[in-house]
Amino acid sequence: MYRTQKRLGVTGFGFRGTALTAMGLAGWLLLGTATESTAATRPANLPNIVIILADDLGYGDVGIYNPKAAFATPNLDKMARAGIRFTDAHSPATICTPTRYSLQTGRMAFRTGRPSGAFEGPGGPSLIEPSRLTIASMLQKRGYTTALYGKWHIGLTWVDAEGKRIEGQNLAAVQRIDYKRSMPLPDGPVNRGYDYFFGTPNCPTTDPLYVYIDQDQVPVPATGLLDKKKLPDHPFAWDNDVGMVAPDYRFEGTDQLFLDKAVGFLKSHTKSRPDKPFFLVLSTQSAHAPSFPAPEFKGRTTAGPHGDFIFELDTIVGRLLSTLSDLGLEKDTLVIFSSDNGPEVRTTHLMRTMYGHDGARPWRGVKRDGWEGGHRVPFIARWPGRIAPDKVSAQTMTWAEVMA
């Protein structure tokens with residue numbers, strides 16, 4: 001998929017004044033340099049890069065892709081009109097973990113030789129080998145400060161009281177975790193190219209290990225059993241496993257916490273290191289089941305909790321873009337938005353029957369399917385002054401290409 005200059009050049013991305021060659025983003029970052037010595041010299045005009053990775057957001061869940069959507073996504077629509085919208089973009093897999101592996105490494109997860117299903121509980125070790133170059137470590141070498149906030153879900157190593165690695169994915173496995181022996185976590189984001197990380201090991205409100213990880217530590221271990229009676233009860237509240245939960249854990253508004261961390265990073269970085277580029281990944285829970293919108297978003301749409309949840313995601317995108325603008329970073333920052341796969345099976349069925357909304361529209365299939373509804377995803381990129389506005393591309397592409 002990296003065949004021609006036209007593929008990622010003026011026609012492909014609509015760039016003004018810069019043609020990305022077949023070498024892709026990495027080639028552009030090197031700006032044509034040919035030796036290690038010159039490549040090690042940081043060019044003065046490296047862009048900041050922000051990736052917003054939604055979870056289980058379908059092609060038809062964004063208004064500009066689906067005029068029949070049952071709710072509005074004004075910020076994503078505005079972002080698309082300010083940049084380029086791909087109509088033939090695909091996730092490398094139809095579930096979370098392998099897609100996230102592809103984003104981080106630029107390769108398909110099956111190449112690891114390991115099962116590439118979704119990790120749950122204390123599953124691990126990380127699919128990303130210690131020696132593997134990642135998109136974050138590549139950018140670190142170019143002088144970037146790197147940060148990831150939100151869901152990781154590529155595997156972590158946890159050990160029990162005897163120091164043995166835990167392999168199970170269920171509640172019993174979670175209850176075997178010895179936090180003191182497991183810290184510092186050896187294969188999380190800060191060991192794979194990120195300077196900063198705050199987030200969760202797996203799906204934030206689904207999998208049975210409900211803790212926050214700060215860098216490579218778990219500040220507050222999971223000590224109690226989740227009481228589901230204290231959580232919202234509605235048709236979209238399914239897929240919430242009984243598990244061990246930390247006392248400070250949030251199930252509603254979890255993405256607001258990740259957003260606050262991301263905004264705090266942007267402000268701190270701009271103040272303390274204004275001349276250094278940054279790479280930021282915001283990995284949201286939305287729109288993965290269960291649909292637990294933050295309290296302030298409940299009832300904001302007429303499409304129930306899931307519609308409210310996606311509206312919250314859209315608002316998060318708007319706030320992040322507004323922060324970049326307020327900090328004077330808008331023209332210096334490439335922002336990419338997409339999803340890790342198509343919409344969830346049960347959620348899609350409920351939205352179709354209850355609200356007339358099809359998160360996979362117009363494609364056949366949903367999450368876990370080989371049909372395009374399972375892997376064709378919205379993909380939007382914005383970079384004022386470098387990506388021409390209001391561009392639409394039918395070029396086939398995938399998350400696995402982003403690193404290259």
Please go through the stretch 268-300 and pick out each residue that is surrounded by fewer than 23 Cβ atoms within 10 Å (Cβ to Cβ) and of a type in the set (Ser, Thr, Tyr). Ser268, Thr270, Ser272
Among residues of the stretch 275-307 being within 27 Å of Tyr144 (Cα to Cα) and either part of a helix (DSSP H, G or I) or touching an Asp or Glu at 6+ places or on another chain (Cβ under 7 Å) (or both), the residue modelled with the lowest pLDDT is Gln285
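Considering only residues that are touching a Phe, Trp or Tyr at 6+ places or on another chain (Cβ under 9 Å) and either open to solvent by 20 Å² or more (accessible area, probe 1.4 Å) or under 15 Å from Val281 (Cα atoms) (or both), which ones fall in the stretch 107-118?
Residues of the stretch 107-118 touching a Phe, Trp or Tyr at 6+ places or on another chain (Cβ under 9 Å): 107-109, 112, 116.
Listed by number, the residues that qualify are Arg107, Met108, Thr112, Ser116.
Within the stretch 361-372, is even one residue of a type in the set (A, V, I, L, M) and open to solvent by 10 Å² or more (accessible area, probe 1.4 Å)?
The answer is yes; a qualifying residue exists.
Checking the structure you have, find out if any residue of the stretch 94-104 is hydroxyl-bearing (Ser, Thr, Tyr), at pLDDT below 95 and either part of a helix (DSSP H, G or I) or open to solvent by 40 Å² or more (accessible area, probe 1.4 Å) (or both).
Here is the first cut: in the stretch 94-104, the residues hydroxyl-bearing (Ser, Thr, Tyr) are 94, 97, 99, 101-102.
When the remaining residues are screened for being at pLDDT below 95, the result is none.
No.
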Looking at the stretch 57-93 only, could you name the residues that are in a loop (DSSP other than H, G, I, E, B), within 14 Å of Ile380 (Cβ to Cβ) and of a type in the set (Phe, Trp, Tyr)? Tyr65
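Please go through the stretch 218-262 and give me each residue that is hydroxyl-bearing (Ser, Thr, Tyr) and within 22 Å of the chain's Cα centre (by Cα), ordered by number. Step through it out loud before you land on a result.
Start the filter on the stretch 218-262 by keeping residues that are hydroxyl-bearing (Ser, Thr, Tyr), which leaves 223, 249, 254.
Selection gives Tyr249, Thr254.
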Pairs where the first residue, in the stretch 323-346, is farther than 22 Å from Phe236 by Cα and the second is among the polar types (S, T, N, Q) and surrounded by fewer than 19 Cβ atoms within 10 Å (Cβ to Cβ), C-beta under 6 Å, 6+ apart: Leu327/Thr270
Identify all residues within the stretch 169-200 that are under 23 Å from Gly264 (Cα atoms), out of contact with any Asp or Glu (no Cβ under 8 Å at 6 or more places or on another chain) and not polar (S, T, N, Q); write none if there are none. Pro189, Arg192, Gly193, Tyr194, Asp195, Tyr196, Gly199
Taking the condition of being open to solvent by less than 10 Å² (accessible area, probe 1.4 Å) and β-branched (Val, Ile, Thr), how many residues in the stretch 82-93 meet it? 1
Limited to the stretch 209-233, what total is found for residues that are within 22 Å of Ala287 (Cβ to Cβ) and open to solvent by 10 Å² or more (accessible area, probe 1.4 Å)? 6
Return a yes/no flag: does the stretch 33-44 have any residue that is at pLDDT 50 or above and either part of a loop (DSSP other than H, G, I, E, B) or open to solvent by 10 Å² or more (accessible area, probe 1.4 Å) (or both). yes
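The values are calculated or read from the model by the stated rules, or taken from the named source; none is laboratory data. Quick caveat, the model's predicted, so the values are computed rather than measured. Cβ coordinates were reconstructed from backbone atoms using ideal geometry, including for glycine residues, and neighbour counts include every protein chain displayed. Ligands, DNA and RNA are excluded from the accessible area calculation, which covers all protein heavy atoms including side chains. Shrake-Rupley method; radii C 1.70, N 1.55, O 1.52, S 1.80 Å.
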